[in-house]
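I have placed the structure first, in the form of structure tokens, so that the comments after it can refer back to it.
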Amino acid sequence: MTTRADFTALVADDILPSRMPDVGLLRAYLAQGCRHGDPLCLSFGETWNQVPAGLLDHLHERPLYAHGYQLSMYGLPALRQVARDYVVDTHRLDGIAEPGRDFEVAATWTGTRGAMFDFGRYLLDELGSDGRTPIVVAAGPSWDYEGVFHSLGYQVRYLHLRPETGFRPLAEELQDVVDRVDSTPEERLAMVVVNAQHNPTAVNWRPEFVAAAVDTAHRHGAGLLVDDAYFGVHDPETEPTSALRVLLSRLGAAPPNARRRWLAVRSLGKQFHCNGWGLGLMTAEPATLDLLVNRYRLHSSLMYGGVYQHAMADWLDDPASAVFLAEQCAEYAAKRRLVDRLFHGKLNYPAGAVHTGTCTSYLLFALPEAYQRIPEGTVRFRDDTFARTGVLFAPAWPWPYAPTGSPMPYMRMYLGPGQDSLTEAVHRMAQAGIDWQMQA
Ligand SMILES: Cc1ncc(COP(=O)(O)O)c(C=O)c1O
């Protein structure tokens, strides 16, 4: 469990303020003496203290030269080699596509967020400017694609995921969003985002939907961003849809420009609790990858993070990493069941009001009825719950809250901490009278 001392080290300083609302709440709670106990932080997708011991062992064995610049913009050769095999194996690409010809793999050490930003810049140059606004289509609620692409001049449009359809994305609705863009002369479809293990809805998208999204991008000559941040995080009985596999299996029939306008990113921070290392994998058509790392990345970064890359190369190659992931998948499934049971048993939640999903490290739960009726209900519920329990949740639209997304009366709960922490969170809520029928 992350203790108040850990949080103090993470947030308490007298320098300029952090703009993250959660940091402000945590600082105030710590300053007031943690009256409900240590903060239980279920809002960020972060545990701070669950990096696997085996990975740390590899981190401690590094050669001195790992501390210098690494000399390849693709990432450390040992990591690239292992990563390429890892991508081929885990996405079952044998017989589908040829490494070196159809795709190549590189590492990123500035997060997959940084790689997405570079892809956004590459795509603008590739598409050329014709005066129309480039539009990114993503499924919402979503992770902060808007924060990455808006600053580059894109606008983001959302395909709305709704509780009535189990938060599944529907191909007809994607088509509607794209049709609206097509019928607006000042706009053009520039990019489609596929996040098949979806944050925050925890829905594993069907391969048929992914295929429809890929084909839509291809028909428009648009770029495709495959965000596989949670590909390794799913219930044991769920086979995660490999959007990369779907994409590669459809490239043969794609128009020539579509064959190079795609990037698949796979953050390694989520599955191995080491977000702070900034490590992830980038898979793209070889010439595109060359541009992404040797031109666009070079604008903002040299070759850092060798110590982490060495450790990750050894860890991915170590059978212990696969064992760790399998155990973690089983543990997340148990936590989904636990939270569902506790909300029902202790907080009077009706059946279906907790949407457990089957992948990622999140679930969604509906706002208590009274909060569904008030403006800014998600933010109010989060603040009130934290004040009364020291348990911090995030709205379904996670910070920094997409400015153009429509409100969704659901909270996102991070399932990373242990079952004891999740149980304590619900007990604190029950004790404070926070339940389905509470008053706002
Ligand atoms: C869906 C999704 N994509 C991408 C990221 C960014 O990950 P990274 O740490 O690799 O930049 C996150 C982080 O929370 C995420 O949830």
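Values for this structure:
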| item | result |
| --- | --- |
| DSSP-assigned coil residues among chymotrypsin sites (Phe, Trp or Tyr not before Pro) in region 190-261, each with at most 11 further Cβ atoms within 10 Å | none |
| Percent RCO, i.e. relative contact order, over the chain, from Cα pairs under 8 Å lying at least 6 residues apart | 23 percent |
| Scattering curve values for the chain, log₁₀ I(q)/I(0), Debye with Cα scatterers, q = 0.10 Å⁻¹ | -0.72 |
| Value of Rg/Rh across region 65-318 [Cα atoms, Kirkwood radius] | 0.95 |
| Karplus-derived 3J(HN,Hα), 6.51/-1.76/1.60, for each residue of region 254-264, Hz, glycine and proline x | 7, x, x, 5, 5, 5, 10, 9, 8, 9, 10 |
| Extension gain from ARG206 to GLN81, taking 0.36 nm per residue of separation minus the Cα-Cα distance | 42.0 nm |
| DSSP loop trypsin sites (Lys or Arg not before Pro) with at most 16 other Cβ within 10 Å: longest gap in the chain | 133-372 |
| Estimated distance in nm for a label pair at VAL379 and SER18, the labels positioned 7 Å out from Cα along Cα-to-Cβ | 1.9 nm |
| Helix 21-31 vs. the chain, principal-axis angle (Cα, 0 to 90°, nearest 10) | 40 degrees |
| Size of electric dipole in region 65-318: Cβ of Lys, Arg +1 and of Asp, Glu -1, about Cα centre, debye, nearest 20 | 460 debye |
| Region 65-318: antiparallel DSSP beta bridges as a percent of all, rounded to 5 | 35 percent |
| Approximate spin-label separation GLN32-THR238, in nm, with each point projected 7 Å along Cα-to-Cβ | 3.5 nm |
| Principal axis box of region 300-440, alpha-carbon based, largest edge first, Å | 53, 37, 25 |
| The chain - charge dipole about Cα centre, Lys and Arg +1 at Cβ, Asp and Glu -1, debye rounded to 20 | 540 debye |
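None of the figures in this text is laboratory data; all of them are computed from the coordinates on show. Because the structure is a prediction, the values reported are computed rather than measured. Heads up, the Cβs are rebuilt from the backbone with ideal geometry, glycines too, and the neighbour counts pull from every protein chain shown.
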